[in-house]
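Trainee: One structure coming up, written as structure tokens, with questions to follow.
The values are calculated or read from the model by the stated rules, or taken from the named source; none is laboratory data. Since the model is a prediction, treat every value here as computed from it, not as a measurement. Here the Cβ positions follow ideal geometry from the backbone for every residue, glycine too, while neighbour counts run over all protein chains shown. These area figures cover heavy atoms from the full protein model, side chains too; ligands, DNA and RNA do not enter into them. Shrake-Rupley method; radii C 1.70, N 1.55, O 1.52, S 1.80 Å.
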Amino acid sequence: MGAWGTGLFDDDTTCDVRDSFIDYLDEGNTAEEATQYVLEEYLDEFDPEEDLEVMSLVYIGLSAIQMEKNCLQDQVRKTAINLIEKGADLELWEDSDPKD
């Protein structure tokens, strides 16, 4: 996983989530189906209880692309907010340049 800036999609994981969600929509899936497919990909690979950092990126990226596509699901929004409030995404920035 890599990050190259402080923007929402300046990270491999959030970019992958965004691209996958859009691909699923382009294939004719509903927003709900696309969401489920994206989450299944990450839940198969990561433990949501142990990999909070990754899951925060997944849900933040998913929330952002759903907002952009005007299909934000309430549960995705709530989970993203919950992970942010837990500080699950803060580890990413501990070693970053303070200017960023």
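Residue-wise test of (1) open to solvent by 50 Å² or more (accessible area, probe 1.4 Å); (2) at pLDDT 95 or above.
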residue	(1), (2)
19	yes, yes
54	no, no
71	no, yes
89	no, no
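Trainee: Would you be able to say whether some residue in segment 28-39 is acidic (Asp, Glu) and either surrounded by 15 or more Cβ atoms within 10 Å (Cβ to Cβ) or more than 15 Å from residue 69 (Cα to Cα) (or both)?
Mentor: no
Trainee: Separate question: Go through (1) at pLDDT 95 or above; (2) open to solvent by 40 Å² or more (accessible area, probe 1.4 Å) and name the single condition residue 100 misses.
Mentor: For residue 100, the failing item is (1).
Trainee: Give the residues of segment 40-77 that are under 13 Å from residue 14 (Cβ atoms) and of a type outside the set (A, V, I, L, M), sorted by residue number.
Mentor: 42, 53, 56, 59, 61, 63, 66, 68
Trainee: Just the residues that are out of contact with any Leu (no Cβ under 9 Å at 6 or more places or on another chain) and in a helix (DSSP H, G or I), please, taken from segment 43-64.
Mentor: Selection gives 43, 44, 45, 54.
Trainee: Still on this model: Determine the pairs where a residue that is more than 16 Å from residue 56 (Cα to Cα), located within segment 16-28, has a partner that is at pLDDT below 95 and surrounded by 18 or more Cβ atoms within 10 Å (Cβ to Cβ) with Cβ atoms under 7 Å apart, the partner being 6 or more residues away or on another chain.
Mentor: Going by the 7 Å Cβ cut-off, there are no qualifying pairs.
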